[in-house]
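Asker: To start, I am sharing the structure in question, which I have written as structure tokens.
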Amino acid sequence: MKRREFIKSSIFALGGTALMTTGCSSKRLYKAKEQVARRKFKNITVPLLGLGCLRLPMDGKNVDMIELEKMVDYAITHGVNYFDTAYMYVNGKSENAIGDVLKNYHRKDFLLADKTPPQMMRSKEDVRRVFEEQLRKCKVGYFDFYMIHSLRPNTIENYRKYEMFNQLMEFKKEEKIKYAGFSFHGSTKMLKELVNEHPWDFCYLQMNYFDWDVAEAHQQYDILKNAGIPTVVMEPLKGGNLVRLSDKAINKLKEHYPDTTPAEFALRWVASKENVMTVLSGMSNLQQIKENIDTFVNFQKITAEEEKVAKQINSIIKEESEINCTACKYCMEVCPKGINIPVILSLYNEFIPPKRYIAFLGRYNMLDENERGDKCIKCGLCSKTCPQNLDIPELLSKIHTLYSDIKSGKIK
């Protein structure tokens, strides 16, 4: 028996508490006694919680690799070994960053998901070129899960024109991917078409207890469930909006469940759906990792009474919010002026409906002048990439006008 096999067999023999060595590195980790819940998918088990690599910890403009290594170490030792990245995440830095950390682990000890960007393709050859580049950046020989990224009205043409599904099937035959899927940000009608076109292995769907009814997530989830296509949940916290609840919404939750946090409540809600394979959370620091893992250790499904509370919180959110932004930052990746769009839209939702104008003014003033809404040139690139189909130039103009009116005293 090889030394590594001996070590691993010893781990399992001792209940997983022995030291284990991973990959070819000298990194040593303890496998924690408390492991997150898992679900069966095909011939593997998948953690019910996955680490989304869209909102990685940052040190200025670069990924904070020290913090990321701590996050991944803690995640894997507690059974969270599903990592999701994409070509454009963190301005193209996400794949390299997670690859640099995961190279310290044995390949079979983690599940890696990546995405091909249809909007960037200009030929069929581009699909393979980008795919091979992604393998190199992630420092792996194959992806466990690979998908067409963000299928919606302005990307579906390239997806069909360049026969992207067929190319995924070629990668599968070459054993460079195990499962082929797509992430979705379109209409219910479009989802029905896609589901009927090809035998998909899985689908990424934006789903949370607010979007369940507001954004037709319920109907779309049912389409996938009826087609036998497992769902991977995106935006379970709605870009953090279901964590940053208003006082009124928080009080409603605490009235019934004083020891439950908004994040725990939202994560348990989506994970309780039977067709959900895993729930992705874009965690940005070790503390968030620890809190979310606690939710999925000894996981408890949502109750009928909690469902009622979720609907009550929804009603409050609808009363107080106006702009359906999840802070995915796709808009910022294409904005030629570098406008801080997600922050501006978030400031509006947080301060304007409740008429907290002075607080809004102070927070807006903290933005660099080059990041403000008046720098928008109305090119429309942001709206074309927005998964929520927001008219961002119009919203930026509206919000900056409000800012000017509040600043001048017209609105008090």
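Asker: When you look at GLU274, is it exposed (fewer than 15 other Cβ atoms within 10 Å of the Cβ), more than 28 Å from ASN81 (Cβ to Cβ), in the same structural domain as ARG38 (by TED's automatic domain parsing) and of a type outside the set (Phe, Trp, Tyr), yes or no? Can you show your working first?
Answerer: Working: exposed (fewer than 15 other Cβ atoms within 10 Å of the Cβ): yes; more than 28 Å from ASN81 (Cβ to Cβ): no; in the same structural domain as ARG38 (by TED's automatic domain parsing): yes; of a type outside the set (Phe, Trp, Tyr): yes.
No: the conditions fail for GLU274.
Asker: Taking region 235-278 only, how many residues are touching a strand residue (DSSP E or B) at 6+ places or on another chain (Cβ under 6 Å) and in a loop (DSSP other than H, G, I, E, B)?
Answerer: Total satisfying the criteria: 3.
Asker: Have a look at ILE399, ILE406 and point out the one that is assigned to a helix (DSSP H, G or I) and closer than 22 Å to LYS238 by Cα. Outline the logic, then answer.
Answerer: On the way: ILE406 fails: closer than 22 Å to LYS238 by Cα.
It is ILE399.
Here's the yes/no breakdown for (1) touching a residue at least 12 places away in the same chain (Cβ under 8 Å); (2) assigned by TED's automatic domain parsing to the domain that holds CYS53; (3) of a type outside the set (Asp, Glu); (4) surrounded by fewer than 19 Cβ atoms within 10 Å (Cβ to Cβ):
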{"residue": "TYR348", "(1), (2), (3), (4)": "yes, no, yes, no"}
{"residue": "PRO353", "(1), (2), (3), (4)": "yes, no, yes, yes"}
{"residue": "ARG356", "(1), (2), (3), (4)": "no, no, yes, yes"}
{"residue": "LEU367", "(1), (2), (3), (4)": "yes, no, yes, yes"}
{"residue": "ARG372", "(1), (2), (3), (4)": "yes, no, yes, no"}
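Asker: So which pairs qualify, if the first residue must be in region 142-171 and on the phi < 0 side of the Ramachandran plot, the second must be surrounded by fewer than 18 Cβ atoms within 10 Å (Cβ to Cβ) and polar (S, T, N, Q), the Cβ gap must be under 6 Å, and the two must be at least 6 apart or on different chains?
Answerer: THR155/GLN119
Asker: Looking at region 138-160 only, could you name the residues that are of a type in the set (D, E, K, R) and touching a strand residue (DSSP E or B) at 6+ places or on another chain (Cβ under 9 Å)? Spell out how you get there, then give the answer.
Answerer: So in region 138-160, the residues of a type in the set (D, E, K, R) come out as 139, 144, 152, 157, 160.
Once the filter is applied, which keeps residues that are of a type in the set (D, E, K, R) and touching a strand residue (DSSP E or B) at 6+ places or on another chain (Cβ under 9 Å), region 138-160 yields ASP144, ARG152.
Asker: List the number of the failed condition for GLU319; all other conditions in (1) farther than 20 Å from LEU242 by Cα; (2) without any contact (Cβ under 8 Å) to a residue 40 or more places away in the chain; (3) more than 21 Å from the chain's Cα centre (by Cα) hold.
Answerer: (1)
Asker: In addition: Just to be sure before I move on: is LEU361 farther than 27 Å from PHE265 by Cβ, outside any loop (DSSP other than H, G, I, E, B) and either out of contact with any Asp or Glu (no Cβ under 8 Å at 6 or more places or on another chain) or among the hydroxyl-bearing types (Ser, Thr, Tyr) (or both) in the structure I sent?
Answerer: Details: farther than 27 Å from PHE265 by Cβ: yes; outside any loop (DSSP other than H, G, I, E, B): yes; either out of contact with any Asp or Glu (no Cβ under 8 Å at 6 or more places or on another chain) or among the hydroxyl-bearing types (Ser, Thr, Tyr) (or both): yes.
Yes: the conditions hold for LEU361.
The values are calculated or read from the model by the stated rules, or taken from the named source; none is laboratory data. Just so you know, these numbers come straight off a predicted model, no measurement behind them. Every residue, glycine among them, receives a Cβ derived from its backbone with ideal geometry; neighbour counts consider all protein chains shown.
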